[in-house]
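FYI, it's all coordinate maths here, none of it is from the lab. Everything numeric in this text was worked out from a predicted model, so none of it was measured. Cβ sites come from the backbone with ideal geometry, for glycine too, and all protein chains shown count toward neighbours.
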Amino acid sequence: MYVCVCRAVTENEVHDCIAAGAKSAKQIRDTTGAGGDCARCVRKICAILKRSEELTTA
């Protein structure tokens, strides 16, 4: 599923960035470009980051 339609960034790409060490939406934007245009996807990216953080601390 696309997280960022503007830059055609998928949820898998976001997960890959997190697995590579990204801890913020800015780091994901710097790597993928997601959030760099209209920024509508930033909330979704933050939700994915939060979910990932909760899974690693559980």
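Working note: Cα atoms of the chain, range along each principal axis, descending, whole Å: 33, 18, 17. Among ALA25, ALA34, ALA47, the largest mean-square fluctuation in a Gaussian network model of the chain, built with springs joining Cα atoms closer than 10 Å, belongs to ALA47. Unpaired cysteine residues in the chain (no second Cys Cβ under 4.7 Å): CYS6, CYS17, CYS38, CYS46. In this simple spin-label model, placing a label point 7 Å from the Cα along the Cα-to-Cβ direction at both ARG43 and ALA19 gives a separation of 2.8 nm. Relative to the first principal axis of the alpha-carbon coordinates of the chain, what is the inclination of helix 42-57, with its axis defined by its Cα atoms, in degrees from 0 to 90 and to the nearest 10? Taking Cα atoms only, the helix is inclined about 20 degrees.
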